[in-house]
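The values are calculated or read from the model by the stated rules, or taken from the named source; none is laboratory data. Worth saying up front: this structure is predicted, and the values here are computed from it rather than measured. Cβ placement follows ideal geometry from the backbone for every residue including glycine, while neighbour counts extend to all protein chains displayed. To get the accessible areas, we keep the full protein, side chains included, count just its heavy atoms, and leave off ligands, DNA and RNA. Shrake-Rupley method; radii C 1.70, N 1.55, O 1.52, S 1.80 Å.
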Amino acid sequence: MNKLDEFAAGKLAALEARTLRRRIAETARLDGVWVERDGKRLLSFSCNDYLNLSQHLALRDAAIAAIEKYGVGAGASRLVTGNHPLYAELETKLAAMKGTEAACVFGSGYLANIGIIPALVGEGDLVLLDELAHSCIWAGARMSRATIVSFRHNDAAHAGDLLAQHRAQHAHVLIATETVFSMDGDRAPLIELSALAARFDAWLMTDDAHGLGVVAPSDAEVSLQMGTLSKAIGSYGGYLCASLPVIELIRNRARSFVYSTGLPPASVAASIAALDLIAREPTYAALPLAKARQFTRLTGLAEAQSPIVPLVIGDARAAVDASALLEREGFLVTAIRPPTVPEGTARLRLTFSAGHPDAEIERLAATIKQHILP
Ligand SMILES: *Cc1c(COP(=O)(O)O)cnc(C)c1O
């Protein structure tokens, strides 16, 4: 082995020793809820495709029509020649849905966060983050070179104390959190955070990756509403909804927007079809949360606040074992380990979707009660 290979192998062995090495398992998603892995058919509780729209005929048809009209690739950054006509339609719909003047679509949610934050704050500024904020919010904050301070998870009082302590030393302050936490399924105290933003002259940014389409939006005043088109929307891409001047600034200054190729037209067309479908079918869009609540009722867990239900196990090995047990019962529930979640909080993370049969949720709940819950 050469030095580089030795280095890589050593790093992997260290991960293996802590049950933190991950392997990508080939998984064929059959219809949005059923998947095939190692020749076995499993019911997936590990997809973020909450409305199973990734397989929906309306989205597939829209994507195919876009390919036929515009081809498969965008060709360049949107600022050069990659801004095919479907973008305006998608951005108008997103802005209308979020009640903002404008919207800007990015290549992905990750690209959105690492573009937006450094475009708005920099050296001499402060970014105040929920400690459990998604990795790409942290990455964007680090890339901005602003000072980063984190507040205890969903603790607005702590955020207020930190603002009182740090606000005066910084020119601009960005507060960033998730509307629905990706690994915990709980919801941020947006009314309180928005009041803090007003009181301390700070800007509030929310990441609605797991809310859009499946959780009723909060009434809080939020000037920077970011999210993804890759989860309940069933397609791919990220976005920011905000005022026109902010969106124009982002289009000029967010490096992951300026220097990255536009989305394939098919993805944009599918997102448009998904937003239309969600607007037309609110009863359908309410199903994932209702099913998560059916599960928490059956298991006696705290009532689900979103379609995401965590079962925190603690030890990484034990979480992997619990996942294997469920797989033997026909359920795909991937173990989530550090660094995706904090050390000592490895867990099973269940995501409920519109297509999960009620009888299977009952069987899953019974299995978990019998074998996994204390
Ligand atoms: C998934 C996720 C992202 C990233 O979105 P992609 O479109 O998958 O890149 C960003 N923020 C949160 C909270 C997420 O859960």
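The simple spin-label model puts a point 7 Å past each Cα toward its Cβ; for residue 280 and residue 252 those points are separated by 4.0 nm. DSSP beta bridges fully contained in the chain are about 55 percent antiparallel. Could you state, as a whole-number percent, how many of the C-alpha pairs of the chain are farther apart than 37 Å? Roughly 23 percent, once rounded to a whole number. The residues of the range 74-263 present an accessible area of 40 Å² per residue when probed at 1.4 Å with all protein chains retained.
The relative contact order of the chain, computed from alpha carbon pairs under 8 Å that lie at least 6 residues apart in sequence, is 22 percent.
Here is the list for the range 103-205: GluC sites (Glu not before Pro) lying in DSSP coil, each with at most 10 other C-beta atoms within 10 angstrom of its C-beta, are 123.
Each label was represented as a point 7 Å from its Cα along the Cα-to-Cβ direction; for residue 312 and residue 360 these points are 2.9 nm apart.
Only helices enter this figure: runs of n ≥ 4 DSSP H residues, each worth -39500 (n - 2.57), summed and divided by the residues of the chain, yield -13000 deg cm²/dmol at 222 nm to the nearest 500.
Distant-in-sequence amide contacts of residue 130, defined by a placed amide H-H separation under 5 Å and a gap of 5 or more residues or a different chain, comprise 151, 176. Rounded to whole numbers, the Karplus 3J(HN,Hα) couplings from phi for the range 353-364 are 10, 3, x, 5, x, 4, 5, 6, 5, 5, 5, 4 Hz, using 6.51 cos²θ - 1.76 cosθ + 1.60 with θ = phi - 60°, and x at Gly and Pro. The range 284-310 and the range 148-165 have their alpha-carbon centroids 29 Å apart. Please give me, ordered by residue number, the chymotrypsin sites (Phe, Trp or Tyr not before Pro) of the range 256-317 that lie in loop per DSSP and have at most 15 other Cβ atoms within 10 Å. When the chymotrypsin sites (Phe, Trp or Tyr not before Pro) of the range 256-317 are filtered for loop state and at most 15 Cβ neighbours within 10 Å, 259 remain. Given q = 0.09, 0.10, 0.15, 0.17 Å⁻¹, what are the Debye log10 I(q)/I(0) values for the range 1-136, with equal point scatterers placed on the Cα positions and solvent ignored? Normalising to I(0) and taking log10 leaves -0.53, -0.66, -1.21, -1.25. DSSP finds beta bridges in the range 74-263, and of those with both partners inside it, around 40 percent are antiparallel.
Converting phi to 3J(HN,Hα) with the Karplus coefficients 6.51, -1.76 and 1.60 and the offset θ = phi - 60°, the range 180-193 yields 10, 6, 5, 9, 10, x, 8, 10, 6, x, 5, 4, 5, 5 Hz in sequence order, with x at every glycine or proline. Expressed as a whole number of Å, what is the distance separating the alpha-carbon centroids of the range 226-280 and the range 22-88? About 15 Å separates the Cα centre of the range 22-88 from the one of the range 226-280.
How much length would be gained if the chain were fully extended between residue 23 and residue 4, taking 0.36 nm per residue of separation minus their Cα-Cα distance, in nm to one decimal?
Roughly 4.8 nm would be gained on extension.
Once the C-beta distance of residue 243 and residue 169 is scaled by a Förster radius of 45 Å, the resulting FRET efficiency is 0.95 to the nearest 0.05. Derived scalar couplings between HN and Hα for the range 126-132 equal 10, 10, 10, 10, 5, 4, 9 Hz in order, rounded to whole Hz, by the Karplus curve 6.51 cos²θ - 1.76 cosθ + 1.60 (θ = phi - 60°), x for Gly and Pro.
Sites listed here are GluC sites (Glu not before Pro) in the range 58-112 whose DSSP assignment is loop and whose Cβ has at most 14 other Cβ atoms within 10 Å: 101. Each Lys or Arg adds one and each Asp or Glu subtracts one; over the other residues with Cβ under 10 Å from the Cβ of residue 337, this totals +3.
Each Lys or Arg adds one and each Asp or Glu takes one away; over the other residues whose Cβ falls under 14 Å from the Cβ of residue 234, this sums to -2. Shape descriptor for the range 249-374: Rg over Rh equals 1.10 (Cα atoms; Rh from the Kirkwood inverse mean 1/r). In whole percent, how big is the carbon plus sulfur part of the accessible area of the range 74-263, probe 1.4 Å, protein atoms only? Carbon and sulfur atoms account for 52 percent of the accessible area of the range 74-263.
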